[in-house]
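Written out below as structure tokens is the structure these notes cover.
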């Protein structure tokens, strides 16, 4: 059986990645990170999804790492109590406020070390998987192809037996619509319910106390437009309801395109 270590946030992208790897017959070990994020709801939803997968015969080795002190040290709207999460279209300049400095390098380093440890212990090849995609390239430098080329180079230089570990980024040149299409097809392959899997995710950077997505942050808008492009309604609950958040997302998209 093929082996993989995934970075699993509980968001739509990494959940789609998990379903992709399971559909491709991998035994998956996954790391999640509590980094003081305001949207920690994603970890709760992830727990629900892992339970759903287990009920359907798909076991995932899963560990949550507590690096929550990042929330006290790093300057980002996702972790800083004195900075509000911005609203608007996901490629707008103000969305850079949601960048957590060096986040993906930190996560990649931990995942790569874990993957190498599994590889040497089990004497096997291990693939590292992350759900990064092109929709993030404009705002997040650590989601771009050149970042992962350099990260892998550093990993190879800094470790013995690094040839046992490879990097798999199946969505790197796709977007959230690509991820939804892939997840839909793989749910059919695995006999899983697409809506259940996606309902057990959180993409919003500003869910309310009831767990409802705001529909107004850049990550919300990107997700809403992906479901609209797929021709179906997002199964997660939004403040104001689906019709309202879809209208807002389409309006923001049009305004952004007109002002480019």
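The values are calculated or read from the model by the stated rules, or taken from the named source; none is laboratory data. Only a predicted model underlies this, so the values are computations on that prediction, with no experimental measurement involved. All Cβ positions, even for glycine, are placed from backbone atoms using ideal geometry, and neighbour counts span all protein chains on display.
Summed over segment 47-70, the residues that are in a helix (DSSP H, G or I), touching a residue at least 24 places away in the same chain (Cβ under 8 Å) and out of contact with any strand residue (DSSP E or B) (no Cβ under 9 Å at 6 or more places or on another chain) give a count of 4.
If we scan segment 171-184, do we find a residue that is without any contact (Cβ under 8 Å) to a residue 12 or more places away in the chain and surrounded by fewer than 18 Cβ atoms within 10 Å (Cβ to Cβ)? No, segment 171-184 contains no residue that is without any contact (Cβ under 8 Å) to a residue 12 or more places away in the chain and surrounded by fewer than 18 Cβ atoms within 10 Å (Cβ to Cβ). In this structure, does residue 44 turn out to be at pLDDT 95 or above, in a helix (DSSP H, G or I) and out of contact with any strand residue (DSSP E or B) (no Cβ under 6 Å at 6 or more places or on another chain)? Here the answer is yes, as residue 44 does meet what is asked. The set of residues from segment 237-260 being crowded, with 17+ Cβ neighbours inside 10 Å and closer than 17 Å to residue 90 by Cβ comprises 238, 245, 246, 248, 249, 252, 253.
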